[in-house]
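Below: one structure, written as structure tokens.
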Amino acid sequence: MTPHLRAGVIAAIAALVADQASKLWLLNVLDIAHRGAIKVAPFFDLELAWNVGISFGWLQSDSPIAQVGLMAVKVVAVIVLAVWMARSRTYLATVALGLIIGGAVGNGIDRFLHGAVVDFAHFHLEISGIRYSWYVFNLADVAIVAGVAALLYDSFLGIPAAKAP
């Protein structure tokens, strides 16, 4: 295994472990399901949300057929991303793909175990009595967004890969 690929695998495992550990702690230790929203800061709450769809609530359906379909799409996506990661020529792209894979697998585990993704981080802001709110998300989502941002950076502004012999 090349150093690049090893770094990508480590990134995937780190993202997956951080995501699943945070969800296990919130669900089983903090018991957020029974406690309700917990105010952490004036702009941030821990708040349980079960997302049966995909990003930003698209394709919301708790039907077993829809859940199997979403899992199938996720499996195909992870396989494609893993092949891409194995062929990646830059360290940053390989780590970025690892983060995306770890996040996707983390959300896939939720869907398999609970029939929905466990979301809990809720940023919001109140200005002049009007509340502005971001979607509730989790650490897997953070890993995916960070991975995509790193891929974009690598593609547009990163150092070109050395030519293969």
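Residues in the range 77-105 that are assigned to a loop (DSSP other than H, G, I, E, B) and hydroxyl-bearing (Ser, Thr, Tyr): 88, 90. Scanning the range 140-165 for residues that are open to solvent by 30 Å² or more (accessible area, probe 1.4 Å), under 23 Å from residue 68 (Cα atoms) and touching a helix residue (DSSP H, G or I) at 6+ places or on another chain (Cβ under 6 Å) turns up just one, 144.
Mind counting the residues in the range 1-49 that are of a type in the set (D, E, K, R), in contact with an Asp or Glu (Cβ under 8 Å, 6 or more places away or on another chain) and within 22 Å of residue 107 (Cβ to Cβ)?
Within the range 1-49, residues that are of a type in the set (D, E, K, R), in contact with an Asp or Glu (Cβ under 8 Å, 6 or more places away or on another chain) and within 22 Å of residue 107 (Cβ to Cβ) number 1.
When residue 83 is tested against (1) within 28 Å of residue 66 (Cβ to Cβ); (2) modelled with pLDDT of 95 or more; (3) surrounded by 13 or more Cβ atoms within 10 Å (Cβ to Cβ), only condition (3) is not met. Exactly one residue among 5, 46, 26, 16 is modelled with pLDDT of 85 or more, in a helix (DSSP H, G or I) and touching a Phe, Trp or Tyr at 6+ places or on another chain (Cβ under 6 Å), and that residue is 26. Number of residues in the range 106-153 that are assigned to a strand (DSSP E or B), within 27 Å of residue 8 (Cβ to Cβ) and in contact (Cβ under 8 Å) with a residue 40 or more places away in the chain equals 5. Mind checking which residues of the range 7-37 are open to solvent by 40 Å² or more (accessible area, probe 1.4 Å), free of Cβ contacts under 8 Å to residues at least 24 places away in the same chain and over 20 Å from the mean Cα position of the chain (by Cα)? If the condition is that a residue be open to solvent by 40 Å² or more (accessible area, probe 1.4 Å), free of Cβ contacts under 8 Å to residues at least 24 places away in the same chain and over 20 Å from the mean Cα position of the chain (by Cα), then 28, 29, 31, 33, 34, 35 are the ones that fit.
Hey, could you check the range 41-53 for residues that are open to solvent by 50 Å² or more (accessible area, probe 1.4 Å) and in contact with a strand residue (DSSP E or B) (Cβ under 6 Å, 6 or more places away or on another chain) and say which is farthest from residue 133 (Cα to Cα)?
Of the range 41-53, the ones open to solvent by 50 Å² or more (accessible area, probe 1.4 Å) are 42-43, 47, 50.
Now restrict to residues that are in contact with a strand residue (DSSP E or B) (Cβ under 6 Å, 6 or more places away or on another chain): 43, 47.
Details: 43: 9, 47: 12 Å.
Among residues in the range 41-53 that are open to solvent by 50 Å² or more (accessible area, probe 1.4 Å) and in contact with a strand residue (DSSP E or B) (Cβ under 6 Å, 6 or more places away or on another chain), the one farthest from residue 133 (Cα to Cα) is 47.
The values are calculated or read from the model by the stated rules, or taken from the named source; none is laboratory data. Just so you know, these numbers come straight off a predicted model, no measurement behind them. Methodologically, a virtual Cβ is constructed for each residue, glycine included, from the backbone with ideal geometry; neighbour enumeration extends over all protein chains shown. We work out accessible area using only protein heavy atoms, side chains counted, and drop any ligands, DNA or RNA first. Shrake-Rupley method; radii C 1.70, N 1.55, O 1.52, S 1.80 Å.
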